Structures are given as structure tokens and as C-alpha cells.
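Here's the structure, in C-alpha cells; my notes come after.
FYI, it's all coordinate maths here, none of it is from the lab. Quick caveat: nothing in here was measured; it's all calculated off a predicted structure. Counting neighbours? That spans all protein chains shown, and the Cβs are built from the backbone with ideal geometry, glycine included.
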Ligand SMILES: Cc1cc2nc3c(=O)[nH]c(=O)nc-3n(C[C@H](O)[C@H](O)[C@H](O)COP(=O)(O)OP(=O)(O)OC[C@H]3O[C@@H](n4cnc5c(N)ncnc54)[C@H](O)[C@@H]3O)c2cc1C
Ligand code: SF4
């Protein structure tokens, strides 16, 4: 189905199932511990052996020699796979460094070997016996230093400009020129990267944990140099990904190689200490923001440059993207600056670009409001735009940022806030509130599905879409139930299998809108097949309560299926609506923090998010997405940082004791409001995404609240107590 | 993890004797620290002696009015004991500030005293660490040292002792009761139990090889307001950046011990004479000769400020 004109009224608009708060249909599997996660799939293939990955202990250089004899001779060991004996391997375009390194080493903990043994303990013990001599090479590990050498854009990523930024900024009566820093971050999902691989002849099956089935299939085939048809990827449940499982990673490749070397199924999970340095992370940024405004609070010039580092051929963290679209200004400059760093690969983590970008931009807006003597909510409203500021003939399909800010301010009690910082004390706590805008683009990508109807009236949905904890199973079931006029109890959903039609996958908050639209498209086809089978006119057939009606005729849905059943497959494909309209999601975050007057410990007391993100397909799972994202925002603001050892070139705090993420005690009352919105430009579902929007801006709202509480303006994340101490009042 | 043999000892003396028989043997109590270290091969004992069945899990009153806490008493049970809560509130508070409910259910009194540092370089076997591998250097010095010691460190090691419980024990003047492989028993004052790193950071306590802790005794209660304040980046389940344990008497005198600042729970009795003069004066003495890194220099004002808050709270 080609979607190239705005959606009109369609069966989804009945909202009998879609749009209703619906508990996860896979909930019972999870609460009973029976949802099959990759590493625990003991049932799928017999005789599984265990693989243990070995990571490089230098960041850059070469393996001079590697002695695996002791490991091979250790009890239970079946094979030791290295780049030297694995056979020729290609590198997929979506990987920057090779997944099995050697002799060249590109980053710390790059995998250099897999030990396969009868038991996990044997594999791990043998792995410790491998002796490696390295020839170290000098590397660049320090973004601050590397930044000095990078003053302009890279060839592939030119600056975006409008008007005369430099002139307008210089002429602006009120100016801000400030630099902000966000650290490297780890996805820190619960389930580690894990795979079981088994060969049958030349046919490879992997049970794994991956967000993008078709990418994994394509890239595994390419890396191994075998046809894609020979690779079967299965990933029905994913214990969190946040972008860390978008790509083929070492667990999958190593399991496949280990299985090939031993002739046995092999399972591999990356140990937690390997995850931070072996897989991808969100790269650190240094962001310079310049804003010029007139005294009445109109922005005349806005500039945002962001420095980040990556391995050679890596991409920059696009932390300036939202600045191109969020506020009006006639003169603009945005651009990324990319330095080469020999740290592990930087790549997407939940809301890549916008998450760190808004952490900086929305502090800058707060600072600017302060300079102008304007309320920060009002300052943002004053600079709203309903069109793409760089291309004014492109309107936003929907843009309710102002409504989010206004409603949020009212519900949060914003008017009670003191504009003067450090004025509000509650016992030992200095209390402050902060606001930030939330913004994340809506990305359109084709998504296919198959729908089957059987003689009992059961509807089965099959698509390679993944559920990474987000609730995909449930919204896809709701979509099919709505379209076919049946209850949720009549729908089964099968996901995460490369034998199913290729979906949008999970990432970039594009999953919900695109994958449900794909199911919508397949259901439209199935409805036509049903109508035809029943001899009904498909244009006026109504599907409801398990019955199909047309004029004064009616028949049970099951009847149309008959013994052989009916099936239909289709995909949603997009025309140029995405070019003609700017499609984005909006929100406003309001936060109250307390800062301990003595120790400067920061604790969040209250959080509110107001979101405008198209039709909310399932308010219950959407709320879960947003509060989870807000929690991640607390981590980003207050504690998460991969500490770089700039001598040895690695992230030092590579476990969950050293890399702190929020615990329950850090998370206070959270409230989420969704504005009533349908966006007919986005898809027949009129929906967009919320999973990343909920994170965007949270960090800055917290930073601004800390400033309001204490008067201290911290521009380096995470905002830990050591950065505030010297601004705190006398104790006693 | 390397293969190891395992036995259950039947009496404390037998456990100590068994430890002496097999070089590098280790006792295992709750296992919450030892097993993690064995998985990473930071510890590689060829033989484990399980001390859980030794009936060392009771808390008894001593003739002089104190408490004798068995080495195997779980942190949860110790924190919840009515006598501890009434007479040694500092200990109960410190225990409850540590780890998580699940860990405290397993963690034992002796194991807690003997838990090893959380220095991330100690945990990464590819990195230099004098504590893990004597003579290999110290990764933390010149590296990521935000958590590390500001006093009592050496050129060989700037690790901290991570225990909360031990800070309270230090302020309460606890004594560690042991039995040696030859059956001899001794009492080690807590002040002498943990060592500074010097040039042998791998030797952390006064225990001799094979020496088993059987109990920790507390002298009779000293009264006062007893507070424990643990400062950290997140609200729970994190090691202290700094912690302050204090006992404050109505006349303003008292005791102070610090966590998160040194290789051992940090107390300098002479500093306590300054207590009536306030936190600044006490902190100045406690931290005299401090040698922080740029990344952890904030701990100096943080100690003073936290102590100030604790003393203010004690006054009510
Ligand atoms: C995730 C995590 C978070 C934590 N957070 C904190 C925290 O915030 N604050 C805190 O204080 N602690 C914390 N801990 C540490 C925890 O308190 C210790 O792991 C625990 O107290 C160790 O006790 P155990 O009985 O399990 O010791 P084990 O692991 O069994 O043993 C530890 C050591 O003591 C030796 N040993 C045990 N019993 C005896 C004995 N009777 N005589 C001689 N030697 C003996 C063992 O040989 C071993 O060397 C944390 C631990 C974890 C894993
Ligand atoms: S501080 Fe101590 S424990 Fe840490 S690396 Fe240095 S020697 Fe090892």
C-alpha cells in the first residue's frame, strides 16, 4: 500500500480496540518467566556448547602473537576460534570496526577469540589461559584534545545555514555563547547481547536478541560470505536494546563461527564487563551554542555546533538536528564536527542526536530566558514556528509544542515558581523547578506484514517486527483486531523471525507507527479477500464483532476463511508526504528537584511530561515508554558517564556497579499527559512514536531545575555533586 | 573461575587448620564478594572452606554489657537486632545504607569486614594494579580516580575500603575475635585490623594466613546520638563517595569515623577533641596530610560539609 495522500476516515478511527489502555498480551509470559529469551532457548536445539568471548586488552595496535595452546588443551574445550582460523570474513557496512579483530586491533575489548567448551565455566576458565602479545600503537582517546584539530564540518555532513548567522549574532542586543558537554553513555540494557547459533548443512539459524531482524540477517550473511537465504534469524523477545542491539554484534558472529568450528550448536552471551567496550555506545559531545535575541525575546540568530569522536569511517553524533527545527530564527548555523577517536564504536542510543542535543540546547534556552528576564516557558512559546525554519513552505504536519508547554505549566503549578534561583528551601533541601521542550522526529520507513484468518475466526499476524519491551505485540494485535472486527482474544501475533515479512524494526521511535501501518495494509488486503470470498462489495463491507456485513447481508468472518483459511501480505510504503511536511513529535518536561544544602546530592522530586505525538495507540504501554524514558533522562542528567581512561583508551567503569543508572529510590512521582492528536500525514494509523520523545529534554529540565534550586549553572553532564559543592551555602 | 576443591568445616579450629593445610585456601561465607572475584580470576583459591555451618550466627550479650556478634551473622539480621538498634544505632544505620536487601541477606559480619576494594582497575585484569598483582603499577593513579582515597594512600595504591559496616565498627571500638590454624585465639582491635596500603597494598588486614574470624565484639554501649550519613550519586545501591559515622554526646563531645576516603575506615581519635569546636576543626585534623587527585579533591570539602550536617542533625 502506497501512502501518498493524507489519511481519511478508516476502520482504525472506530477506536474500539486501538487507542484503549491495553495490558500487554505477552505480559503473562513475562511474569511467569516463560517468554523465551535467546540465551535460555534450551529447547530449540540439542547438544548446545558454550562460547566465551575474549576481548583485546589494548585499544589500538596489532596482535604480535597469540598462544591458544593451553586453552585448547584445557578441560572440556572444543575449539578456539580466532581471526587466524575463522576463514575469510567480510565486514558489513553497518559495522565500523570488525567484529572479530586480529591481527589489527581497532578498540579495547574488540573480540579476538572465542573459546568453545562443554560448559560455560570451562570456556571461561580456558579463555583466561590465552596469552597475547601486542604491539601497541598510539591512539587518540581524548575528545577535548582531538577537538582542537577539528574546526569545520566533514565532507559528508556539511553545515546547514540560513541568512547571515555571524552578522546577526554579532548585532544581537542579547547574546549567549556557551559550551556544553555530554559524556559517553552505555545502553545498559538488562539482557546482554546473546545468541545461540546452529548449522544444519550450510543453513544457519541464530536465536538472538536483536532489534532489526533484516539488518541482522543481511549483515550476518555478508560477514560470513553466504547467501542471505541461508541465514535464519529468530528474536521473538528482546530484554532491552535502546539501540545497542540495532546491529549485528560479536555475540552473533562468534556463535556462528564457534558452531561452524565445532559442528555443535553454540551459545554466546557477552559478559557485562565486555558490553561497554565491545559493543556500541552513545558518543560524548562538546556543543557550542550561540543564540542572539532582541530584548523582547525574539531569537534573531541561532548557532549550534557539536563535536564528537568516532573510529575512522564512523559517523558523528548528530546533536544539532533538533536545532534546525525547534525554534524560529531568520539566521541559522548548525553543523557537526567529527574527530577520529580510537575508543569503541559510537553509534545510536535511544534518541540519538536529539537526546544529547536537547540536553545542551534546552539549557541554553533557559540561560537565554534568564538574560532576557523572561519566563522560560514564555520564551519558548514566543519563538515557536509552525513551519520548517529553513524551508518555510514546509509546514509541520502537527506541532503542539505551545499546547504542551501551556498545559504542562498549568498542571505542574509553574506559576508558583520563583524566577530568582535559590529562594525555595524545604528542610535540608534547596528546591527548584525546571522546564525543557521535548522534540523528536517521526521517521517513516516501509514495513510489511502477513495476516492469516483461519476457519475458527482466529487472526494471526506475522512480521519480523521486534518487541524490545516496548509493547509491539500488543499494538499490532490491537491493529489487527480493529481492522478485522474481532476481539484481542481472537488475535495471535508472531514477531522477530526472518521468515516473516520485513518490518520497520525497532529503533528511532519509528517502530509503532510504521509496523502497525504495515499490519493495517495487510489487513486491508485481507478484508478485500474476505469480502470477495463472501461475494460482498469490499468498499462497503463492515467488519465488527466477528461478523462481516454488507448492505443487508452478513456472514461470520470465520466462514470466509473456510477450511484452507485466507492470508494476505502487504507493506506500507510512503510517498513524498515526508518531504512536503515536517513530521515531528513534541513535548514539554517539567521537573522539581531537591539539592541537599550540605552535600549537594541531587534528588528528583516530581516529574511531568506532556506529549503530543499523534494518535496514542495504547495509552498504557505508551505511558510505560515515556516514564521509562524519563527515568533514563534522570540517569543522563545525574549519574551516567562512561569514564574514559585517556592513556589506555577504554571505558573504565565497565560494569553496572561502576556505571550507575537510576534505581527505584531515584525515581519519584512521574506523570504523563498525552494531548489528543491525530496526524493524518504520518500514516493510516495517524500515529507517531513516543519511545524516544520521553527522553528528549529531560536532562535539561533537570539541569534547569538545579539552577533554579541553587543558582549554579552546570554545563557538563552528568551533574554530580562535585560540580555544585563550591556554590552551596555555608553549612550549620 | 579456576577449578577448586571444597569442604565444609565442622568447627572454627578445624576450619583454620584446614586453611593452613592447603596453600591459598579461602573461607567462604555469604560469597557475595568472593565469588565475583573468583569469576574474574582476581581471586583463584584452589580450595574453599565453607564456614556457614559453624554455628557462628548468633548475637550474644557479653559479661561487661557489650555484644558478641558471630562472624556469620547476616547483615540483615544484625541491622534488625533489637539490641543493636537500641544501643548501637550507628551500626544498624550503616548496615542498612549498604548494598541491597538481597545482598544483606547473604552478606556476613566477617565477610563484610574483608570485602575488597571496588577500584575499577582492580576489577579489570588487563590493567596494572599493585593490589591484584604486586609490582604491576597502579592504574588509578593518573587515571579515573573519582572514587579513590584522599588520605592514607601511597604511591602504590589509592584504593578505598568500601564497607559501611566497618565505619560503624571503627567508631564503636569493636574488637575482632579470631582463631589461628594452631588453635590459638586472639582479639584484634578494629583500629589495627585494616592496614594502610604502603608498598604492600595486597596485604589488607592484620589476619595471618588461615586465621578465621569467629566474632566481632562491641564494648558496652556509649549512648549519644548515633548517625550515619552516606553520600552518593544515586539514592541507593551505590558505594559511598564519602560517609560519616558519628556518635554525639549531649555535651558536644563524641566520635567520628569516615568511609570512602581511605584504605580503611578512617578515624583519628585526636581529632575528636575538636568536636565541640565544630566540623571544620574536626575535618581539618581528620584530613591532615590529605593527598587527593584532581578527580577526588571534592571529597575534602564534602567531608567537612557532611560532618557539619551530621553534627547539626545530632544537636536536633
Ligand atoms: C552489588 C554489590 C553492592 C554492594 N554494596 C555495598 C555497600 O554499599 N556497602 C557495603 O558496605 N558493602 C557493599 N557490598 C559488599 C557486601 O557488603 C560484601 O560483599 C559482603 O559484606 C561480603 O560478605 P560475604 O559474607 O558475602 O563474604 P564472602 O564473599 O563470603 O567473603 C569475603 C571475604 O571474606 C573472607 N571471609 C569470610 N568469612 C570469613 C571468616 N569468618 N574469617 C576469615 N575470613 C572470612 C573470605 O575468604 C573472602 O575473602 C556490595 C556488594 C555487591 C555485590
Ligand atoms: S588504587 Fe590500588 S586497587 Fe586501584 S589500581 Fe591502584 S593499586 Fe590497584
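The three principal axes of the C-alpha atoms in the protein assembly as shown carry coordinate ranges of 97, 73, 57 Å, sorted with the longest axis first. Between the alpha-carbon centres of region B:79-148 and region A:1-32 there is a gap of 49 Å. Our Cα-only numbers for region B:225-314 put the radius of gyration and Dmax at 12.4, 38 Å.
Under the simplified labelling scheme, the residue B:36-residue A:410 pair shows an inter-label distance of 5.0 nm, with each label point 7 Å from Cα along Cα→Cβ.
Sorting B:144-154, A:628-638 by average packing, meaning the other beta carbons within 10 Å per residue, from highest down gives A:628-638, B:144-154. As a calculated quantity, the FRET efficiency between residue A:135 and residue A:90 at R0 = 22 Å, using C-beta atoms, amounts to about 0.30.
Note: relative contact order over region A:403-493, using C-alpha pairs below 8 Å and six or more positions apart, is 17 percent. Over the residues of chain A, the helix contribution to mean residue ellipticity at 222 nm works out to -7500 deg cm²/dmol, using -39500 (n - 2.57) for each DSSP H run of at least 4. Annotation: for a label point projected 7 angstrom from Cα along Cα→Cβ of residue A:390, residues of region A:150-187 with backbone N closer than 12 Å are A:157-163.
Measure out, as a whole number of angstrom, how far apart the alpha-carbon centroids of region A:199-236 and region B:37-59 sit. What the calculation gives is 44 Å, centre to centre. If you plug the beta carbon distance of residue B:62 and residue B:182 into 1/(1 + (r/R0)^6) with R0 = 30 Å, you get a FRET efficiency near 0.75.
Using the average count of surrounding beta-carbon atoms within 10 Å as a protection proxy, the listed peptides B:59-69, B:31-41 rank, highest first, as B:31-41, B:59-69. Compared with the alpha-carbon gap, the fully stretched path from residue A:539 to residue A:16 is longer by 186.3 nm at 0.36 nm per residue. The equivalent ellipsoid that matches the C-alpha gyration tensor of region A:1-94 spans semi-axes of 49, 25, 13 angstrom, in descending order.
Per the Debye calculation on region A:138-220 with a single equal scatterer at every Cα and no solvent contribution, log₁₀ I(q)/I(0) for q = 0.19 Å⁻¹ amounts to -1.08. Note: region A:266-345, Cα convex hull, 132 Å³ per residue.
What Kirkwood hydrodynamic radius, in Å, does region A:566-622 give when the mean of 1/r is taken over all pairs of distinct Cα atoms and then inverted? After inverting the pairwise mean of 1/r, the radius is 16.3 Å.
With a simple spin-label model that places each label point 7 Å from the Cα along the Cα-to-Cβ direction, the separation between residue A:144 and residue B:11 comes to 6.2 nm.
Shielding value for B:297-305 is 4, the average number of Cβ atoms from other chains within 10 Å of each residue's Cβ. Taking every residue in B:228-240 and counting other chain Cβ atoms within 10 Å of its Cβ, the average works out to 6. Shielding of peptide A:592-601 by partners, expressed as the average count of other chain Cβ atoms within 10 Å per residue Cβ, is 5.
Placing one equal scatterer on every Cα of region A:185-321 and applying the Debye formula, the log10 ratio I(q)/I(0) at q = 0.18 Å⁻¹ is -0.99.
Cα convex hull, region B:5-52: 60 Å³ per residue, rounded to a whole number.
When only Cα pairs below 8 angstrom with a gap of at least 6 residues are kept, chain A shows a relative contact order of 17 percent. Packing here is the average count of other Cβ atoms within 10 Å per residue, and on that basis the peptides A:158-169, A:231-242, A:199-210, A:340-351, highest first, run A:340-351, A:231-242, A:199-210, A:158-169. Rounded if a/c is under 1.5, else prolate if a/b is larger than b/c, else oblate: which is region A:573-732, with a ≥ b ≥ c the root eigenvalues of its Cα gyration tensor? Since a/c reaches 1.5 and a/b is larger than b/c, the shape of region A:573-732 is classed as prolate. In terms of its C-alpha gyration tensor, chain B has an oblate overall shape, because the principal axis ratio a/c (a ≥ b ≥ c, square roots of the eigenvalues) is not below 1.5 and a/b does not outweigh b/c.
Residues of region B:198-221 with backbone nitrogen within less than 13 Å of a virtual label 7 Å along the Cα-to-Cβ line of residue B:192, please, listed as ranges. Of the residues in region B:198-221, B:206-208 have backbone N under 13 Å from the label point off residue B:192.
Taking every alpha-carbon pair in region A:1-160 and binning the separations at 5 Å intervals from zero gives 1, 7, 10, 11, 11, 10, 9, 9, 8, 10, 8, 4, 2, 1 percent. Return a whole-number percent for the relative contact order of region B:225-314, with Cα pairs under 8 Å and 6 or more residues apart as the contact set. Reported as a whole number, the value is 27 percent. Over chain B, DSSP H runs of length four or greater, each weighted -39,500 (n - 2.57), average out per residue to a 222 nm ellipticity of -7000 deg cm²/dmol.
In region A:424-573, the inverse of the mean reciprocal separation of distinct Cα atoms equals 16.7 Å; this is its Kirkwood hydrodynamic radius.
Summarising the strand pairing of chain A, around 75 percent of its internal DSSP beta bridges are antiparallel.
One Cα centroid belongs to region A:381-408, the other to region B:11-36; the line between them spans 68 Å. Size check on region A:320-418: the Cα extents along the three principal axes, sorted descending, read 49, 36, 26 Å. The per residue volume of the convex hull around the alpha-carbon atoms of region A:474-555 is 94 Å³.
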